[in-house]
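Visitor: Handing you this structure, nothing more for now.
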Amino acid sequence: MKSYSNQRKVSLFFRYLLLTILAILWLIPILWIVLASFSYNDTGFISTFFPEKWTFQNYIGIFTNSQFPYLHWIINTLLVAIISATLSTFFQISVAYVLSRLRFRLRKPFLQIALVLGMFPGFMSMIALYYILKGLNMLNLGGLILVYVGGAGLGFYVAKGFFDTIPRSLDEAAELDGATKWQVFTKIGLPLSKPMIVYTALTTFMAPWVDFIFSGIILPTSGDPKTYTIAYGLYNMLSSSKGSATTYFAQFVAGCVITAIPITILFVIMQKFYVSGITAGADNG
């Protein structure tokens, strides 16, 4: 018995040691970025871990730089993320509920087709989407929202697993009392799925906030920096002209730190719902 207890303690020690090492490896780059954002630098890339000279000028400069309107990028990204998250959440939850609670012809083939399509990364379609949006004259923020929302319905599998855990007897009791399918969905399904709604909203909000691939394909054609999102705007800051990577690198790092703050705050506040949503949705996913 004592030998088993010692083995367990040794096992726990090495597990915690491994987790500690991994946490340090993950935190070091984040810490460097935060420290670099406070580093005074006018010669190019920052080569020291701790700033040799501290300054807030990088944060002031990112908002006062007339060539790169960072505040417009934040507003654009926030607008795109909120609209995309709202519509995508509605579509995902609706599709998941229908496929989980209702039975209809071709339901299983649709699930199989959706599963296969979900295995292909979205950026494989970016060239086709570009020419479609170009033909519709929508190479702008509106077209970017359509791209994010267009494939939202295929991300229903986690939400479907969550709805599968809700007893069907609740639906049947409500229908016996005269409730319609829509009333069952709004009065029973949605109130019971708050963790899943929060989880879906968070994931669909974070995707547009940090996306570079689609914004980098759709938005550059306008040629107006005020129409960019944060990800592409920051990239454009370093690549717009020769020497810009050296000149604006410190401001670029400060912009990255500011960009990460809203997502971090949202995740910390909603972590309880996020974890419960993803674990419940994985039970029968």
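The values are calculated or read from the model by the stated rules, or taken from the named source; none is laboratory data. Note that the coordinates shown come from a computational prediction; the quantities given were computed from them, not determined experimentally. Using ideal geometry, Cβ is built from the backbone for each residue, glycine included, and neighbour counts are taken over all protein chains shown. Note: accessible area is taken over every heavy atom of the protein model, side chains too, but ligands, DNA and RNA are not part of it. Shrake-Rupley method; radii C 1.70, N 1.55, O 1.52, S 1.80 Å.
Visitor: Where in segment 176-285 are there helices (runs of 4 or more DSSP H), lying wholly inside it, with at least 2 residues that are modelled with pLDDT of 85 or more and crowded, with 16+ Cβ neighbours inside 10 Å?
Guide: Fully inside segment 176-285 and qualifying: 194-210, 213-218, 230-239, 249-269.
Visitor: I'd like to check something: does segment 38-50 contain any residue that is surrounded by 16 or more Cβ atoms within 10 Å (Cβ to Cβ) and out of contact with any strand residue (DSSP E or B) (no Cβ under 9 Å at 6 or more places or on another chain)?
Guide: Pass one, segment 38-50, residues surrounded by 16 or more Cβ atoms within 10 Å (Cβ to Cβ): 38-39, 41, 46.
Subsequent filtering for residues that are out of contact with any strand residue (DSSP E or B) (no Cβ under 9 Å at 6 or more places or on another chain) retains 41.
Looking through segment 38-50, at least one residue is surrounded by 16 or more Cβ atoms within 10 Å (Cβ to Cβ) and out of contact with any strand residue (DSSP E or B) (no Cβ under 9 Å at 6 or more places or on another chain).
Visitor: Identify all residues within segment 58-79 that are surrounded by fewer than 22 Cβ atoms within 10 Å (Cβ to Cβ), touching a helix residue (DSSP H, G or I) at 6+ places or on another chain (Cβ under 9 Å) and under 30 Å from VAL198 (Cβ atoms); write none if there are none.
Guide: LEU71, HIS72, ILE74, LEU78, LEU79
Visitor: For TYR148, are the conditions met, namely being under 20 Å from MET206 (Cβ atoms), of a type in the set (Phe, Trp, Tyr) and crowded, with 17+ Cβ neighbours inside 10 Å? Full working, then the answer.
Guide: Working: under 20 Å from MET206 (Cβ atoms): yes; of a type in the set (Phe, Trp, Tyr): yes; crowded, with 17+ Cβ neighbours inside 10 Å: yes.
Yes, satisfied.
Per-residue answers, yes or no, for (1) small (Gly, Ala, Ser); (2) within 27 Å of PHE205 (Cβ to Cβ); (3) touching a residue at least 60 places away in the same chain (Cβ under 8 Å):
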| residue | (1), (2), (3) |
| --- | --- |
| SER125 | yes, yes, no |
| LEU154 | no, yes, no |
| TYR157 | no, yes, yes |
| PRO167 | no, no, no |
| ALA173 | yes, no, no |
| PHE185 | no, yes, yes |
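Visitor: Next question. At pLDDT 85 or above, open to solvent by 50 Å² or more (accessible area, probe 1.4 Å), over 15 Å from the mean Cα position of the chain (by Cα) and aliphatic (A, V, I, L, M): is that true of LEU136 in this structure?
Guide: For LEU136, the condition - at pLDDT 85 or above, open to solvent by 50 Å² or more (accessible area, probe 1.4 Å), over 15 Å from the mean Cα position of the chain (by Cα) and aliphatic (A, V, I, L, M) - is met.
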